[in-house]
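The values are calculated or read from the model by the stated rules, or taken from the named source; none is laboratory data. Source: prediction; values computed, not measured. In this analysis, Cβ positions are derived from the backbone assuming ideal geometry, glycine residues included, and neighbour counts consider all displayed protein chains.
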Amino acid sequence: MNALLVSTKPATMQVWREELLALDPALDIRLHPESGPVEDITAAVTWNHPPEDLYRYPNLKLLISMGAGVDHLFRPPGPPPGVAVVRLVDRLLTTAMSEYVLLAVLRHHRQDAGYRALQARREWEELPAPDTEATRIGVMGLGNLGADAARKLAALNFQVAGWSRTPKQLDGIETFAGADGLMPFLARTDILVCLLPLTPETEGIINARTLAGLPHGAYVINAARGAHVVEEDLLAALDSGQVSGATLDVFRTEPLPREHRFWTHPNVILTPHAASITIPRSVAPQVIDNLARLREGRPLANVVDVSVGY
Ligand code: NDP
Ligand code: OXD
């Protein structure tokens, strides 16, 4: 029996089932927790599924993340040994993330908060003209999302740099890599954009030390994972003015607790992990494709390197 386990929020699971069956009516889909006999499950497409539960399926061969990120699959005890892990790479996901980043950058760069405050007071006043070519943006993570955002920002004439684990070359973008490249990258960054995967190496990477490495008054945008940020350190940097403001989509605890200071900080704009939302209809074909590859013993697409966690 080759059954596919689908696990996420109940209402979303029904949508996934419909979209997958529309492409392959023969699929045997089981919605968590109604998985049937555990021996039947050979593949699973999941989001925030309890990781230890995946060890119950002795014939599981493939884990498909319902998003671009896979950190939810690497929470202890991590994916069962020998099970392949793949993730989503999707044009709509990438486009939506770049829109989010561009919106946050331009809202800051064009002093939107300042003009809204003037409007509220009915004051006709010009703020200093922004200088795009002199504004340096630094994108942490030059993968599918980071590289697209970096290219689009460069097309707007910002000075764009990117930082990645291994060296990269991107036309019109200055690149930095590895631990040695981090502080020089930060030192030339007026607007920091985090689009890293969450791994043991990147957890807490936006902290007192790295924030102090940015020019005074830099702006921070985090649309990757909340645990990239040491939240107390970011709040301290916002309070001192080292960081002039932040746009945050992701948080250590989600939903963000109602008493958290980010909700009311005057220089924080936040969204509820909505920068780029997976659209099942858009990604169902790649799930079907990977299931076919698994069945036919062909190489899988968008494979995650389990040894580095992304
Ligand atoms: P990719 O795997 O395509 O790219 C990851 C990039 O990060 C690569 O350039 C990689 O370097 C770099 N990187 C990884 N580890 C390190 C490190 N230790 N030091 C420096 N650079 C590092 O990921 P995506 O671009 O597809 O997605 C990025 C993240 O965005 C996801 O993991 C997810 O957490 C988040 N996300 C958030 C969403 C939201 O709605 N808020 C929606 C979708 C994704 P190298 O190129 O050398 O491998
Ligand atoms: C993702 C996300 O990783 O939505 O795709 O966060």
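Just a few scattered comments:
- Checked against (1) buried (at least 17 other Cβ atoms within 10 Å of the Cβ); (2) more than 30 Å from PRO80 (Cα to Cα); (3) within 12 Å of ligand 2 (Cβ to nearest atom), HIS265 passes all but a single condition, namely (3).
- All of (1) touching a strand residue (DSSP E or B) at 6+ places or on another chain (Cβ under 7 Å); (2) in a loop (DSSP other than H, G, I, E, B); (3) in contact (Cβ under 8 Å) with a residue 60 or more places away in the chain hold for LEU60 with one exception: (3).
- Inspection of region 18-35 finds no residue satisfying the criterion of being within 16 Å of ligand 2 (Cβ to nearest atom), more than 15 Å from ASN290 (Cβ to Cβ) and surrounded by fewer than 16 Cβ atoms within 10 Å (Cβ to Cβ).
Let's see how each residue does on (1) within 16 Å of ligand 2 (Cβ to nearest atom); (2) surrounded by 17 or more Cβ atoms within 10 Å (Cβ to Cβ):
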{"residue": "LEU170", "(1), (2)": "no, yes"}
{"residue": "ASP180", "(1), (2)": "no, no"}
{"residue": "ALA208", "(1), (2)": "no, no"}
{"residue": "PRO215", "(1), (2)": "no, no"}
{"residue": "TYR219", "(1), (2)": "no, yes"}
{"residue": "GLU231", "(1), (2)": "no, yes"}
{"residue": "ALA236", "(1), (2)": "no, no"}
{"residue": "LEU256", "(1), (2)": "yes, yes"}
{"residue": "ARG261", "(1), (2)": "no, no"}
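- In the set VAL105, VAL101, VAL89, VAL85, only one residue is surrounded by fewer than 18 Cβ atoms within 10 Å (Cβ to Cβ), of a type in the set (Val, Ile, Thr), out of contact with any Phe, Trp or Tyr (no Cβ under 7 Å at 6 or more places or on another chain) and closer than 28 Å to LEU196 by Cβ; that residue is VAL89.
- Residue in region 43-58 that is buried (at least 19 other Cβ atoms within 10 Å of the Cβ) and over 25 Å from the mean Cα position of the chain (by Cα) present: yes
- Which listed residue is within 16 Å of ligand 2 (Cβ to nearest atom) and touching a residue at least 24 places away in the same chain (Cβ under 8 Å), from THR202, THR189, THR175: THR202
- Annotation for region 211-224: no member residue is within 16 Å of ligand 1 (Cβ to nearest atom) and over 17 Å from ILE137 (Cβ atoms).
- Unmet requirement for GLY69, which otherwise passes all of (1) assigned to a helix (DSSP H, G or I); (2) of a type outside the set (Asp, Glu); (3) within 16 Å of ligand 1 (Cβ to nearest atom): (1)
- Filtered residues of region 72-95 (kept if assigned to a loop (DSSP other than H, G, I, E, B) and in contact (Cβ under 8 Å) with a residue 24 or more places away in the chain): PHE74, ARG75, PRO76, PRO77, GLY78, PRO79, PRO80, VAL83, ARG87, LEU88, VAL89, ASP90
- Residue list for region 251-298, restricted to those being among the basic types (Lys, Arg) and within 16 Å of ligand 1 (Cβ to nearest atom): ARG252
- Of all residues in region 245-255, none are acidic (Asp, Glu), touching a residue at least 12 places away in the same chain (Cβ under 8 Å) and closer than 19 Å to MET183 by Cβ.
- Count of region 127-146 residues, restricted to those that are of a type outside the set (Gly, Ala, Ser), within 16 Å of ligand 2 (Cβ to nearest atom) and in a helix (DSSP H, G or I), is 2.
- Look at region 270-291: where a residue is not assigned by TED's automatic domain parsing to the domain that holds ASP249 and modelled with pLDDT of 95 or more and a partner is assigned to a loop (DSSP other than H, G, I, E, B) and away from ligand 2 (no atom under 12 Å from the Cβ), sitting 6+ places away or on another chain with Cβ atoms under 6 Å, you get ILE288/ASP24; ASN290/LEU300; ASN290/ALA301.
- Here LEU170, LEU156 are screened, and the one residue that is within 16 Å of ligand 1 (Cβ to nearest atom), closer than 15 Å to VAL193 by Cβ, in the same structural domain as ILE205 (by TED's automatic domain parsing) and in contact with a helix residue (DSSP H, G or I) (Cβ under 9 Å, 6 or more places away or on another chain) is LEU170.
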